[in-house]
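Participant: Submitted below is the structure of interest, expressed as structure tokens.
The values are calculated or read from the model by the stated rules, or taken from the named source; none is laboratory data. Computed from a predicted structure; not experimentally measured. Glycine also receives a Cβ, built like all others from the backbone with ideal geometry; neighbour counts cover every protein chain displayed.
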Amino acid sequence: MFYPFKKALVGLDLSAVDNDVVRYSFFIAQILPSIEELIFVHIAPPMVAEIAELSEARSMEVISEYIRQKIAPYSAPRKVQIKTRVEQGDALTQVLEINKQEQVDVVFLGRKSTEDGSSLLAKRLALKALCSVWCVPEKAKAEIKRLFMPVDFSSFSKMAMDYALVLSQNIPIEIDLLHIYKPTTGRHVLQKSAEQMADVMEEGARLQYFDFMQQYDHLQIPTVTPLFAHDETRRLSEKICHMMAVEQKADLIMLGSRGRTEAAATLMGSFAEQLLGENATIPILILKGKRKNLNMMSAILRL
């Protein structure tokens, strides 16, 4: 089930990519009227005061001023509240703690074009955070015209599709739905070649697609293009997804993730984590059913 974003945390790391993630977060706040608050956060390492040869309080004030300067060129849409926070410690631990304190719905993180810790933090958050994660690559365009969605036709794919329809109410978009099917056992029993079995699987995927889309027949929806791909190795799905998103000139890759609602190794959960490592050019939004996650965590805590 879809839950609107109201509070967004925007992570800054004092690098050039901050310009991109700040610009992008204000763009999203502009097109999503549900957003009520943007919280700009930097997590400083514990040694920042010694490195800067300043007192801890002075270091924090310097960083706070840096954040204010970064967001100064942008005006908040409507009555969106702007907050800033500077904390010290482990980035993942602190972001998770702030998420809990502020009841954040989505985290925006920058992603540098070269491999570094930014992709690792995004992957760890995608796995552990109860909220959605929006990864913004360096020099990402602040626009969404073409939306690319890998789907497995589960309830998590429905959550992503529901959110796509919310976006389409505010901006005109086109949607590409990609389903990747993989080799299955049993073709020898059915006496079919690998090629024949792949054809059978694609036909089954097309029937699943039509069943999936029937639930939206009564709604006005944007143009949706179904795409199908065969992962013959069962290990290249994230590479196929990224390659096809680039080919389709996608502005955003969006998928529903099981996150912590089921085992992390389930299809869209591990796939989301792997895709973050593969892709460094297109923004990725990993959606989570936050309220469902919170209910599950509450139940665990009562045990």
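Participant: Looking only at region 138-160, decide whether some residue is within 16 Å of the chain's Cα centre (by Cα), under 20 Å from His42 (Cα atoms) and touching a residue at least 12 places away in the same chain (Cβ under 8 Å).
Facilitator: Yes: one or more hits.
Participant: Taking the residues in region 60-106 that are within 22 Å of the chain's Cα centre (by Cα) and acidic (Asp, Glu) as candidates, determine which candidate is nearest to Phe26 (Cα to Cα).
Facilitator: Across region 60-106, the extreme among qualifying residues is Asp105.
Participant: Would you mind stating whether Asp199 is charged (D, E, K, R), more than 26 Å from Tyr3 (Cβ to Cβ) and in a helix (DSSP H, G or I)?
Facilitator: Details: charged (D, E, K, R): yes; more than 26 Å from Tyr3 (Cβ to Cβ): yes; in a helix (DSSP H, G or I): yes.
Considered against the rule, which asks whether it is charged (D, E, K, R), more than 26 Å from Tyr3 (Cβ to Cβ) and in a helix (DSSP H, G or I), Asp199 comes out as yes.
Participant: Does any residue in region 73-85 that is over 13 Å from Glu102 (Cα atoms) come within less than 7 Å, Cβ to Cβ, of a residue that is aromatic (Phe, Trp, Tyr) six or more places away or on a different chain, and which pairs are these?
Facilitator: Listed by first residue and then by second, the contacts come to Tyr74/Phe26.
Participant: Regarding region 98-107, can at least one residue be identified that is in contact with a Pro (Cβ under 8 Å, 6 or more places away or on another chain), modelled with pLDDT of 90 or more, closer than 21 Å to Glu273 by Cβ and part of a loop (DSSP other than H, G, I, E, B)?
Facilitator: Looking only at region 98-107, we keep the residues that are in contact with a Pro (Cβ under 8 Å, 6 or more places away or on another chain), and these are 105.
Applying the additional criterion that residues be modelled with pLDDT of 90 or more yields 105.
Retained after the next criterion (residues that are closer than 21 Å to Glu273 by Cβ): 105.
From the residues that got through so far, the ones that are part of a loop (DSSP other than H, G, I, E, B) too are 105.
Taking every residue of region 98-107 in turn, at least one turns out to be in contact with a Pro (Cβ under 8 Å, 6 or more places away or on another chain), modelled with pLDDT of 90 or more, closer than 21 Å to Glu273 by Cβ and part of a loop (DSSP other than H, G, I, E, B).
Participant: Please work out which one of (1) within 19 Å of Gln274 (Cβ to Cβ); (2) out of contact with any strand residue (DSSP E or B) (no Cβ under 6 Å at 6 or more places or on another chain) is the condition Ser168 fails and give its number.
Facilitator: In the conditions (1) within 19 Å of Gln274 (Cβ to Cβ); (2) out of contact with any strand residue (DSSP E or B) (no Cβ under 6 Å at 6 or more places or on another chain), Ser168 misses (1) alone.
Participant: Looking at region 94-112, I want the residues that are touching a residue at least 12 places away in the same chain (Cβ under 8 Å) and have a partner that is surrounded by fewer than 18 Cβ atoms within 10 Å (Cβ to Cβ) and among the acidic types (Asp, Glu) with Cβ atoms under 6 Å, at least 6 apart or on another chain. Which pairs are those?
Facilitator: Close Cβ pairs (under 6 Å, with a partner that is surrounded by fewer than 18 Cβ atoms within 10 Å (Cβ to Cβ) and among the acidic types (Asp, Glu)) amount to Gln94/Glu87.
Participant: Can you list residue pairs whose Cβ atoms sit under 8 Å apart, with the first residue in region 8-31 being in a loop (DSSP other than H, G, I, E, B) and the second being of a type in the set (A, V, I, L, M, F, W, C)? Count only pairs 6 or more apart in sequence or on different chains.
Facilitator: Going by the 8 Å Cβ cut-off, the qualifying pairs are Leu14/Ile63.
Participant: Could you check region 1-38 and list, in sequence order, the residues that are acidic (Asp, Glu), farther than 12 Å from Ala76 by Cβ and in contact with a Lys or Arg (Cβ under 7 Å, 6 or more places away or on another chain)?
Facilitator: Asp18, Asp20
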